[in-house]
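Presented below is the structure to which this report refers.
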Amino acid sequence: MKILKILTPVLIVLAIIIFLTEKTQNQPAKTNLPAIKIGQAVVSVEIADTAEKRTLGLSGRTALLLNAGMLFVFDNEDYHTFWMKDMNFPLDLIWIGADMKIVDIFKNARPDTYPKYAFKPDHPAKYVLEVNAGWAEKNNVAIGSKAKLPPDLTK
């Protein structure tokens, strides 16, 4: 009986924590970063808009927040190729054309693919979004989906 009295509050607290975790998983990361929208999904993004930032990308990091990512901004549409050098977790790579439509997606790009494999889109893109592996599928993001970026990123 004493064990039941002790375990009951512990189980209630655990249930509340699980409920709150599930509730916040689909929310955008709470940051001061710009957010982009693809379909109904919103993702907070760090911007990689210089050669140095694009080369470094997310390399060396141990994790990425839920609904967070890195948006690579290029001067021109092209077949921008990506690798997983020094990555510690898998990513979904989403190529976005200048018309803001998704032109290609590679799901679950794993760190162990480097150096043997580089990810290249089938169509030219001006932007590339890196997010946690599984994000595109979870949020029903597909080729042809429309992205909405902050106006200062679409110049």
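Descriptive notes on the structure:
- Aspartates and glutamates whose Cα lies under 15 Å from that of K107, excluding same-chain neighbours fewer than 8 positions away: D92, D122, E130, E137
- If the chain linking K85 and A35 were pulled fully straight, counting 0.36 nm for each residue of separation and taking away their Cα-Cα distance, it would gain 15.4 nm.
- Mean-position separation - Cα centroids, the stretch 64-90 and the stretch 108-152, in angstrom: 7
- Proportion of all alpha-carbon pairs of the stretch 55-114 beyond 14 Å (%): 59
- By average C-beta atoms within 10 angstrom, highest first, the peptides 43-56, 92-105, 131-144: 92-105, 131-144, 43-56
- Within-13-Å neighbourhood charge of A136 [Cβ basis; K, R +1; D, E -1]: -2
- Pair-distance distribution P(r) for the stretch 39-87, from all Cα-Cα distances in 5 Å bins starting at 0: 5, 18, 25, 26, 18, 8, 1 percent.
- A P(r) calculated from all alpha carbon pairs of the stretch 28-153, with 10 Å bins opening at zero, reads 14, 50, 34, 2 percent.
- Rough spin-label spacing in nm, given labels placed 7 Å along Cα→Cβ, for D112 and L56: 2.9
Here, each number is a calculation from the coordinates, and none is a lab measurement. Please read these numbers as outputs of a predicted model, since none were measured by experiment. So basically every Cβ, Gly included, is an ideal-geometry build from the backbone, and we count neighbours across all protein chains shown.
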